[in-house]
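Structure first, then comments.
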Amino acid sequence: MSFEQFLFYFFSVVLVGAAVAMITVRNPVHAALFLVLAFFTSAAHWIMLEAEFLGILLVLVYVGAVMVLFLFVVMMLDINVARVREGFVRLLPVGLVVAVGMMVVMAMVVGARVFQVESPGRADGDYSNTKAIGELLYTEYVYPFEIAAVILLVAIIAAITLTLRRRPDSLYMDPAEQIKVQRKDRVRLIKMEAEKK
């Protein structure tokens, strides 16, 4: 067994263990930290596949931004852990069926002819996987890329719409009213007699 194969199996075992621990652990903060570990090991797989750009992007975007956001949300919410524990055993059969179905679909997709592609030649020193990803993304897969961008835009607008509600007890300022204000509305001069000692 070569050192590269050893690293692959090591990162694969850590990745599967982190994914299982993320699902089964009861503390939401620990689950988020196990997800960070899964992202790091996935990035190591990308780097071993000589897709350094995707590996670094996975660490920067998901670990650096998304997981920090998840941790802030999880820590700020008052999650009732007892209620979360109640449904675990009851929903375990459904989760196992979904997990087996996903594994079957993944095996069918990975075994398809689409993924049996020859590795691009890297003999020349001018090869850049970032350039290759960009050319492929903006030529052959430009429509799925634009559809994904529109779906994300709709999701952002929907999230803003769902959370932006007018509450009667919330304090807010109207900029038009602020602009119309004059000095006499805000400042009042009072004449007072000077105090004598």
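Structural remarks
- You will find that of Phe70, Phe53, Phe40, the residue that is under 24 Å from Asn129 (Cβ atoms) and touching a residue at least 24 places away in the same chain (Cβ under 8 Å) is Phe53 and no other.
- Count of segment 139-166 residues which are part of a loop (DSSP other than H, G, I, E, B) and exposed (fewer than 10 other Cβ atoms within 10 Å of the Cβ): 4
- Boolean, Val14 is at pLDDT 85 or above, among the β-branched types (Val, Ile, Thr) and not assigned by TED's automatic domain parsing to the domain that holds Met103: yes
- Any hit, segment 39-53, residues being closer than 19 Å to Ala18 by Cβ, modelled with pLDDT of 85 or more and not assigned by TED's automatic domain parsing to the domain that holds Val14: no
- Some residue of segment 15-29 being without any contact (Cβ under 8 Å) to a residue 12 or more places away in the chain, more than 17 Å from the chain's Cα centre (by Cα) and under 20 Å from Val59 (Cβ atoms): yes
- Unique residue being surrounded by 10 or more Cβ atoms within 10 Å (Cβ to Cβ) and modelled with pLDDT under 65 when the list is Val84, Val109: Val84
The values are calculated or read from the model by the stated rules, or taken from the named source; none is laboratory data. Remember, it's a predicted structure, so these values are computed and weren't measured experimentally. Here Cβ is always computed from backbone atoms with ideal geometry, including for glycine, and neighbour counts include all displayed protein chains.
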